[in-house]
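K.L.:
The structure that follows is given in the form of structure tokens.
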Amino acid sequence: CCRCASGAWSEPSAVRNTILERLDAAGRTAVVEFYPGVNAADVTGIFRPDDFDLILRSDDFAVSPEETDAMIAEDLTDDPVFGYMTRRSLRDFFPEDRLRQARRLAENAKGRVLIAGVGASLISAGDICIMADITRWEIQLRYRRGLSNWNTAKSRVSGREKYKRGFFAEWRWGDEIKDRLLGQMDLYLDCTREGSPVLVNGDAYRAALARTARKPFRLVPYYDPGVWGGDWMKNKFCLPDNGSNYAWSFDGVPEENSLIMDFGGIEAETPAMNLILTHAREILGEGVFGRFGREFPIRFDMLDTIHGQNLSLQVHPLTEYIQKQFGMHYTQDESYYLLDTDGSAPCVYLGIKTGTDPDEMLSALRAAQEGGVPFDADKYVNRIPVKKHDHVLIPAGTVHCSGAGSMVLEISATPYIFTFKLWDWGRVDLDGKPRPIHIDHGAANIQWDRDTEFVKQNLIGQTRLIAASERGVIEKTGLDRREFIDTFRLTTSSSLDFSGGGSVTVANLTEGGSALLESPEGLFEPFPLHYAETCIIPEAAGDYRLVSPAKEEVRLIAARVRVQ
């Protein structure tokens, strides 16, 4: 939560009056650009029928829904999960003659004009510009409640298909437009809470982002059920009963998570990705920015199988494969850090057993998927016992999954959607339908030389001591030399200094009730972090100090990009 000076309005009449006053002072045309997923009623409902002489919906000047569907079909592909990162821009869906028509209508109006919707800013810059925004998690929840994708003729579409279109296409267009507008918009409209938009002065919003970019901060976590989910997070975080166990927690993913900003007691929720779009250099550091641009390359999430089930047996694509097949620049190398276990001999399936015949294993996977004998994972895949605070490394191309009875902090590169499931233990998802399996994709990426010996020598037990003193211990716990992320574990009962290493850091408190992050140089105020919470430490925040206020042992796992 970022606390800022006032500059926001939440009471409906105040929101309306502020917009109209700003408009009358500047001219007569207001442009409200929607991020795909914003409810139009949340914007138009702000005003009275006679507030505008003319209201233009940008959707009316786009190509037809059928044309939109056809134009992105190649990017979305026929696969139920994967597509290609769109090669289209939003401008492609707005023919120039229709944009000219809309401009003429606006110019000929006698009074105030409102141009609103996805692509509204393509019609006109307006006399004032408002960015109507929404978090991606809220979009996903609305998909599940029935929200359709933007400008589509398709109906009765599953939530998975809607998410896929958002991930590979709509959110890319939205970020492209937002990247242009965030630096120049007059007002920011938070539409995350349906029916209760919050208006923020553009300058105040930008100032809040600028302050956040130079100090540690937390994102708003969210939790989602899954067929294999456990109950550790439900009990530890006092989560509401949802009719099933929670499987995932996303807590440190700017593309998915959000920030809460407090403007004089008025809270606005905003996609954390906006911070990366506007302050990538301060957040990432020059070296990381030079490699990744306005992308956040590190992801932390949690996988809960305590009193749950095994995850699916899976493999992630190699870099060259993900580039060619899906248009992504880098792949999902990852690792499992064991936050906790339930004492039931938990394990991680990791790598292929030495001597395994690839054709035999793939035949067994395909036969099981077609309803034959269930796949015998223990025959082909190493079953590695794990305990609390173990760190298991999983470079792309390595067959793996977390077994039941563990609470995993997953530390990885960001392209989290590209998981090739090989075997899902013969179960169906929460919706009663089989989860998609991608054996052919998997077969093209499995590294068969990641065998038993390789796993033992390279992927488990790789922790090595970096420094030790009366104040504590610093260890390097990973990742693999093929990966661009380094991870370190800091352990102290007093205080321990650590270098930012010229990179953004993502950190989680894996032991102890609470700790503080302090700046040895006084660059930021002490930042509190509680057990199992994740925070982001911008490169601009400099070095930091881990402090245990209660003098109890605390442990912090910290990940940063390897900068040469």
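The values are calculated or read from the model by the stated rules, or taken from the named source; none is laboratory data. These numbers come from a predicted model, not from an experiment. With ideal geometry, Cβ positions are generated from the backbone for all residues, glycine too; neighbour counts draw on all protein chains shown. Heavy atoms of the whole protein, side chains included, go into the accessibility calculation; ligands, DNA and RNA do not. Shrake-Rupley method; radii C 1.70, N 1.55, O 1.52, S 1.80 Å.
K.L.:
Heavy-atom accessible area per residue, segment 285-380, 1.4 Å probe: how many Å²? Each step should come with its number before you reach the end.
P.N.:
Numbers: 3780 Å² over 96 residues.
Accessible area per residue: 39 Å².
K.L.:
Roughly speaking, what is the stretch gain from residue 53 to residue 471, that is 0.36 nm per residue apart minus the C-alpha to C-alpha distance, in nm to one decimal?
P.N.:
On the way: separation 418, 0.36 × 418 = 150.48 nm, distance 6.92 nm.
Using 0.36 nm per residue and subtracting the Cα-Cα distance, I get 143.6 nm.
K.L.:
What aspartates and glutamates sit close enough to residue 236 to cross-link, taking a C-alpha to C-alpha distance under 12 Å and skipping anything fewer than 8 places away on the same chain?
P.N.:
Straight-line reach from residue 236, under 12 Å: 304, 340, 533.
K.L.:
Still on this structure, I have one more. What full-extension length gain, to one decimal in nm, is calculated for residue 107 and residue 85 as 0.36 nm per residue of separation minus the Cα-Cα distance? If you can, show how the numbers build up before the last one.
P.N.:
Details: separation 22, 0.36 × 22 = 7.92 nm, distance 3.68 nm.
Answer, rounded to one decimal: 4.2 nm.
K.L.:
Sticking with this one: What are the principal axis extents of the Cα atoms in segment 358-406, in Å, biggest first?
P.N.:
38, 23, 15 Å, listed from the longest principal axis down.
K.L.:
Take each of the peptides 551-563, 69-81, average the number of other beta-carbon atoms within 10 Å over its residues, and list them starting from the highest. Numbers along the way, then the final one.
P.N.:
On the way: 551-563: 20.7, 69-81: 14.8.
Listed from highest to lowest mean packing, they are 551-563, 69-81.
K.L.:
Using the eigenvalues of the Cα gyration tensor, what equivalent ellipsoid semi-axes result for segment 324-392 when each is taken as the square root of five times the eigenvalue, whole Å, largest first? Could the numbers behind the result be given before it?
P.N.:
Values: eigenvalues 131, 91, 28 Å².
With the √(5λ) rule applied to segment 324-392, the semi-axes are 26, 21, 12 Å.
K.L.:
Give the value in nm², to one decimal: projected area of the alpha carbon convex hull of segment 153-216, averaged over all directions. Present the calculation step by step, with values, prior to reporting the outcome.
P.N.:
On the way: hull surface 26.7 nm².
Taking a quarter of the hull surface, the average projection is 6.7 nm².
K.L.:
Where Rh is the Kirkwood radius over the Cα pairs of segment 242-381, the temperature 25 °C and the viscosity 0.890 mPa s, what D in µm²/s does Stokes-Einstein return? Spell out each step's value before the answer.
P.N.:
Values: Rh = 19.3 Å.
Stokes-Einstein gives a translational diffusion coefficient of 127 µm²/s.
K.L.:
If the cut-off is a Cα-Cα distance under 16 Å, which aspartates and glutamates reach residue 456, setting aside same-chain residues fewer than 8 apart in sequence?
P.N.:
Those aspartates and glutamates meeting the cut-off are 390, 480.
K.L.:
Something else now. Over segment 459-564, one equal point on each Cα, no solvent: what is log10 I(q)/I(0) by the Debye formula at q = 0.19, 0.21 Å⁻¹?
P.N.:
Log-scaled intensity ratios, in q order: -0.94, -1.14.
K.L.:
What are the ³J(HN,Hα) values, in whole Hz, obtained from phi via the Karplus relation 6.51 cos²θ - 1.76 cosθ + 1.60 with θ = phi - 60°, for each residue of segment 182-197 in sequence order, with x given for Gly and Pro?
P.N.:
Here the 3J(HN,Hα) series is 4, x, 10, 4, 7, 9, 10, 10, 7, 10, 5, 8, 4, x, 9, x Hz.
K.L.:
While we're here: Using r as the Cβ-Cβ distance of residue 70 and residue 125, and R0 as 22 Å, what FRET efficiency do you calculate, to the nearest 0.05? Don't skip to the answer; put the middle values down first.
P.N.:
Working: r = 30 Å, r/R0 = 1.37.
Approximately 0.15, to the nearest 0.05.
K.L.:
Where a ≥ b ≥ c are the square roots of the eigenvalues of the C-alpha gyration tensor, would you call segment 374-457 rounded, which needs a/c under 1.5, or, failing that, prolate if a/b is larger than b/c, or oblate? Could you put the intermediate results ahead of the total?
P.N.:
Details: a/c = 1.41, a/b = 1.26, b/c = 1.13.
Rounded.
K.L.:
Let me ask something else about it. Using a cut-off of 22 Å between alpha-carbon atoms, which lysines can reach residue 433, once sequence neighbours fewer than 8 places away in the same chain are excluded?
P.N.:
Straight-distance partners of residue 433: 154, 162, 164, 421.
K.L.:
Let me ask something else. With a 1.4 Å probe and all protein chains kept in place, how do 281, 48 rank by accessible area, largest first? Please list the in-between numbers first.
P.N.:
Details: 281 120, 48 140 Å².
Putting 281, 48 in descending order of accessible area: 48, 281.
K.L.:
Report, by chain and number, residues whose modeled amide H sits under 5 Å from the one on residue 478, excluding near sequence neighbours (fewer than 5 apart, same chain).
P.N.:
487
K.L.:
Hey, what do the phi angles of segment 13-29 turn into as Karplus ³J(HN,Hα) couplings, whole Hz, using 6.51/-1.76/1.60 and θ = phi - 60°, x for Gly and Pro?
P.N.:
Computed from phi, the couplings for segment 13-29 are 5, 5, 4, 4, 4, 5, 4, 5, 5, 5, 5, 4, 6, 9, x, 9, 10 Hz.
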